[in-house]
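For reference, the structure is listed below as structure tokens.
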Amino acid sequence: MSAANAAPITATDSLTQALKANIIPNQEYLLQGSVLDSAVEVLLHRLRGLCDNVDAGPETFDDQEVCFSLRDPNQQAAPLMLRVRKALDARDMPFQLRYIGQPDLGDKNRPTVVRSSLDIACSGMLIEFLNELGCRIEFEYSVKGYMFRKGRMKITVAKVFKISQSAMPPEPISQSYLVELSVLAPTGQDAIAEDMRAFADQLRPLVQLDKIDYKRLGHMPS
Amino acid sequence: MGVTVLQQFPVPENKTGTYVIEMLSKRILALGATQQGQFLVDCESYLSHPQMGTTKTVHILHNSEQPASVFSILESGNKNIHVIADGLFDLFMIKLSQHYTSKKQTKIESKGPRFELGDFCIKLGSVTMNQSFKGILIEVEYRPCVTANAVWGLLREFLQGLLGSSTVIQPPQHLKNRMSEIYTPIDTVHQYLELFSAYRKTTALRVQ
Amino acid sequence: MQREEKQQEAILQAILNRVNDLKTAIQALITKLETEYETINWPTFLDNYAILSGHLTGLSKILQAEIAPQLRSLVVLPLQLGCKRDEQLAQMTEGRVPACTHDLVPDLLRTKPEPQAEQRLQQFNHKASTLNYDTAQKQVAQFTKVVSHVWEIISKERENWEGESMRASGIQPTHNMADTHALVTAVGTGKGLRLGMPAIVPGVGGPGMGPRVPTPQMGPSSQTMPKAPSTIKTNIKAANQIHPYQR
Amino acid sequence: MNPSINVEQLNSALTSLRTLRSSVSQVFEALSNGLRADHGEDGKEKFLLELQELLNNVNINLRDLEQTTNGLPIPTGSFNLGNTTYLSQETTQDRQALYTQLVNSYKWTDKVHEYSSFAHSILSQNSLRRSYANSGSTKRRGKLQSNHNVPPGQVDNVINTIDRSYTDMKITISRPYASNAVVQISLGHVLKAVVAFKGLLMEWVMVKGYGETLDLWNESRHNVFRKVTENAHAAMLHFYSPTLPELAVRSFMTWLHSYVNLFSEACKRCGCHLHHTSLLPPAWRDFRTLEPFHDECKQ
């Protein structure tokens, strides 16, 4: 009884403990690629064979993602990018607030992109909250597709759509599905990256999963 | 989650907070309650950077009753916007440290014993800010019911029985216009924030 | 003096060990060749050669290193030669050298290459030194060209081979680099998603098109040689069949 | 079992078969022993005589068997031996694991017998008769239809009518176990209940709080709803009426609906919300007036 009556530790303390123990998954290991609409069935088939959740069939999702930016008050650092994801097919699910840091491609020997990431489940009035906080909506899109799991790895195969202003059906960005292979892990668990590379090799040549630096691509003259 | 009422308990002039808590604990135990651990509610407030225009305050609250959640209430003008998030929201606030800075000296918490009595849950919290004692808050939760207006009479009767029939018990400001809605944990947090803000305005009573 | 002797002894011991290792390895190889030549697994047999060469490099490392300077200053002087069988010597060499004869000693105690070999080496050295710089440069360039050409051929074949399984069954390429980049930039930076910005027309003018594709892939470029795969395949098969170690 | 087979005859046929077998085995025994010392000098002839005698015996026995079997009626069709047919296929007793199964089934039947006899003695004393099985009057039995065997459509009708008559009480029907309805009731934001029906007969009630997950067997974690469940069982039995099952359900639902003010209405007798010892709100509703009382105040 006396043990049960011990004072609860404060949330800050438990967070510091978790940080010290390095159990907070704040790194995202990421590989990206795409597959043409015509070949997506083949890919889904292969993934069903390779992944864990075979018996239940592929898990579908239909999410809307809104990207916010929060400008630095001192105008020194780059604006903070925040993303909010909400499930359109399960409205009672909490929103997902994500902070994604700068992607680090590393040298040739590093198998995946590594970027710091914070995934927070939120409910309530998150969009209004961020707006009042001073965030500005940068862009939004919707993704619809399939999710697979293989151990700690998450594989999504999804179509990216523009959000249409009118009642028009949403317009896809391209004739391909975006394929992402990612793992959220605590800092320093680089071994998982090798596993991801091995898994990505199993999807070749159907899909070429690679480290892609969108920052560099974005600034390239087109 | 049942309906919760948070009530300030006046500390008599010549008594200490510990004494009052002990007195109330004895009274509750005499009613047949059992002590079920301790509880803790804390609140930290962040102010927006002056260059960001009108000042906004983000209050971050934790409640040991919902240990996996972080409650965040943004005060902007006369609007209060809340978000309930998981524990990593605290890390998110660190990311925002450029934009919102913590006012450490106003960190305030209420902690103390937690009792269960039938379907009631009673928490006796002594409020401290910066190690200085500020007052006593009594939280009473009636767990079977989810709407405040249905159970208000019952709760008032219970509180008057506990604190003495002369106590005037008013529904908390936050609950007044949502008496018929389904009660959620954030409503408790709003009540705490209301009273914490009131305590912050008063000067410290005495060192505990 | 004593210290030097001890050192010398240690070095000799090390060399002896290496030589013994080499000897046992060679013996094992020979035994294998003699007794198991019918059931031998040729890839593992080839591994024996790898072991041999490992021992050889180990030995030559010891000899090359300057750890044995004293050895160089030591002289072996054959005092007496004779045709009579020397039992002790025969035992030491396991019957390979029965006597210290005139026939064997020059070969066994040789420190310089054979005169014929030395002569040829000198010839080559002379040829190299008299060679014109330009011609040498030209030859080097030619050689590099040939090597790079071969390299190119091999890598191209490999690329085709990797895509073989797909193309053999008549499936079109399943992914498009331009699309990948369009999608990733859209999701990452909002390109084409921001309000008031023109949408990216898929495949046209998208980022990453053209020669600047950072990672040359077999995507669209490999379409230029649709015939190649079949011939390559048969070539490989043919090569397999004449492989000497395939049983 | 075919009744036309005479067991006596069958028995005698089996006996003659057995004698035939033993005589045949005697023949083989004599043959295998061959000449013995007691055959004496001309042993060969004696032996042959003996053998002949034995064979004669066999003949006689065979004739007997034929006679008896001829007397047996020919069975129509093949016998259905059930699982015992497999007995011939596996002869090792250990591998059949029959013994433990037999013991278990014996224990089961024994237990069932015991329990049913207890149940019978208890039920026969019970005045609360919820079925017609032993309701004395044999005349009425024929006319009345039993109310636990009602077509599902009719049950649905009754319940849906009740559902429509209340705006703050929502009733949904599901049939997870065959044809018997399980009805979920949610009453305002106050409580949820689940009622298991057998035909139109209410068999089980479980009341829980608004936020709890509903199922048939787990009790609510709140004291007040455990008390309400208890009272609802009492009400279910009180309202039971074999002749007018619909009325029973309707009265029960009306009674249950009166809990809409469970937390907001004070006890009619002591005027308090909470009883001073149990700290429960008035969890009892009078069957006729539907007025709220504490359990302790209702007398």
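Coordinate-derived values only; no laboratory data. Since we're looking at a predicted model, the values are computed, not measured. Counting neighbours? That spans all protein chains shown, and the Cβs are built from the backbone with ideal geometry, glycine included.
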Cut-off under 5 Å, modelled amide H: who pairs with B:Arg178 long-range: none
statement: Here the whole-number average of other chain Cβ atoms within 10 Å per Cβ of A:127-137 is 5
message: Cβ neighbours within 10 Å, averaged per peptide: list C:133-142, B:89-98 in order, most packed at the top.
response: B:89-98, C:133-142
Per-residue average of Cβ from other chains inside 10 Å of A:168-179: 5
- line: Listed by chain and number, the lysines with an alpha carbon less than 17 angstrom from that of C:Lys32, same-chain partners under 8 positions apart left out, are C:Lys23
- prompt: Count of lysine pairs in region D:135-274 with Cα atoms under 25 Å apart, counting only pairs 8 or more residues apart in sequence or on different chains?
  reply: 14
- prompt: Taking a ≥ b ≥ c as the square roots of the eigenvalues of the Cα gyration tensor of region D:7-74, is the shape rounded (a/c under 1.5), prolate (a/b larger than b/c) or oblate?
  reply: prolate
message: Quick check on the exposure proxy: order A:Leu31, D:Leu244, B:Leu31 from fewest to most C-beta atoms within 10 angstrom.
response: D:Leu244, B:Leu31, A:Leu31
query: Translational D (Stokes-Einstein, µm²/s) of region B:41-106 at 4 °C and 1.567 mPa s when Rh comes from the Kirkwood sum over C-alpha pairs?
result: 106 µm²/s
message: If you split all Cα-Cα distances of region C:2-74 into 5 Å bins from zero, what percentages do you get per bin, shortest first?
response: 3, 14, 21, 17, 12, 10, 8, 6, 5, 2, 0
message: Distance cut-off 29 Å, Cα to Cα: go down the list A:Lys159/A:Lys211; A:Lys154/B:Lys104; A:Lys159/B:Lys79 and report the pairs above it.
response: A:Lys154/B:Lys104; A:Lys159/B:Lys79
Average silhouette area of chain A, convex hull of alpha-carbon atoms, in square nanometres: 17.6 nm²
query: Taking all pairs of different Cα atoms in region D:203-260, averaging 1/r and flipping that mean, what Kirkwood radius in angstroms comes out?
result: 12.1 Å
- prompt: Bin by bin, in steps of 10 Å, what percent of the Cα pairs in chain B do you find, going until the bin that has the longest distance?
  reply: 8, 33, 36, 18, 4, 0
20 Å-binned pair-distance histogram of the protein assembly as shown (Cα, whole percent): 8, 21, 23, 20, 16, 10, 2, 0
field: Mean projected area (nm²) of the alpha-carbon convex hull when region D:234-299 is viewed from all directions
entry: 4.4 nm²
statement: FRET efficiency for C:Gln2 and C:Val75 from the Cβ-Cβ distance with R0 = 25 Å, rounded to 0.05, comes out at 0.75
query: Tell me, in nm to one decimal, what length is gained between D:Gln67 and D:Ala178 on full extension, where the rule is 0.36 nm per residue of separation less the Cα-Cα distance?
result: 34.1 nm
query: Which ³J(HN,Hα) values in Hz, rounded to whole numbers, follow from the phi angles of region B:116-131 under the Karplus curve 6.51 cos²θ - 1.76 cosθ + 1.60, where θ = phi - 60° and Gly and Pro get x?
result: 10, 9, x, 8, 9, 10, 10, 10, 9, x, 9, 8, 10, 10, 6, 6
message: How large are Rg and Dmax for region A:28-110 when calculated on the C-alpha trace, in angstrom?
response: 17.8, 53
statement: Excluding residues fewer than 8 positions from B:Lys56 in its own chain, the aspartates and glutamates with Cα under 17 Å of it are A:Asp72, A:Glu128, A:Glu132, B:Glu44, B:Glu75, B:Glu194
- request: Determine the shielding of peptide A:11-20 by partner chains: average, over its residues, the number of Cβ atoms on other chains within 10 angstrom of each Cβ.
  value: 4
- prompt: Modelled label-to-label distance, D:Ile122 and C:Gln116, 7 Å Cα→beta-carbon offset: nm?
  reply: 11.5 nm
query: Which ³J(HN,Hα) values, rounded to whole Hz and listed in residue order, are derived for region A:12-19 from phi using the Karplus coefficients 6.51, -1.76 and 1.60 in 6.51 cos²θ - 1.76 cosθ + 1.60 with θ = phi - 60°, glycine and proline given as x?
result: 5, 4, 5, 5, 4, 4, 4, 5
task: Among A:Phe129, A:Phe95, A:Pro79, flag the residue with its Cα farthest along the positive direction of the charge dipole of region A:76-141, charges on Cβ as +1 for Lys/Arg and -1 for Asp/Glu.
output: A:Pro79
query: Taking neighbour Cβ counts within 10 Å as the exposure measure, how do B:Tyr142, D:Tyr115 sort from fewest upward?
result: D:Tyr115, B:Tyr142
field: Tail weight of P(r) past 21 Å, computed on alpha-carbon pairs of region D:152-297, percent
entry: 41 percent
- prompt: Can you give the FRET efficiency for A:Asp13 and A:Asp190, using 1/(1 + (r/R0)^6), R0 = 41 Å, r = Cβ-Cβ distance, to the nearest 0.05?
  reply: 0.90
- line: With label points set 7 Å from each Cα along the Cα-to-Cβ direction at C:Gln139 and D:Thr167, the distance between them in nm comes to 10.7 nm
query: Roughly how many Å is it from the Cα centre of region B:36-85 to that of region A:99-141, as a whole number?
result: 21 Å
message: For a quick check: with amide H placed at 1.01 Å from N, whose amide H comes under 5 Å from D:Glu291's, ignoring anything fewer than 5 positions away on the same chain?
response: D:Asp286
query: Mind listing the phi-derived Karplus ³J(HN,Hα) values for region A:112-121, rounded to whole Hz, using 6.51, -1.76 and 1.60 with θ = phi - 60°, and x for any glycine or proline?
result: 9, 6, 10, 9, 6, 8, 10, 10, 10, 7
message: Please rank C:Glu152, D:Glu50, fewest neighbouring Cβ atoms within 10 Å first, as an exposure proxy.
response: C:Glu152, D:Glu50
task: Would you mind checking which residues have amide H under 5 Å from B:Cys145's amide H? H placed 1.01 Å from N; only 5 or more apart, or other chain.
output: B:Val3
- prompt: How far apart, in nm, are the 7 Å Cα→Cβ label points at B:Met23 and C:Ala28?
  reply: 9.2 nm
task: Assign unit charges at the C-beta atoms only (+1 for Lys and Arg, -1 for Asp and Glu), then state the dipole size of chain A relative to its Cα centre in Debye, rounded to the nearest 20.
output: 320 debye
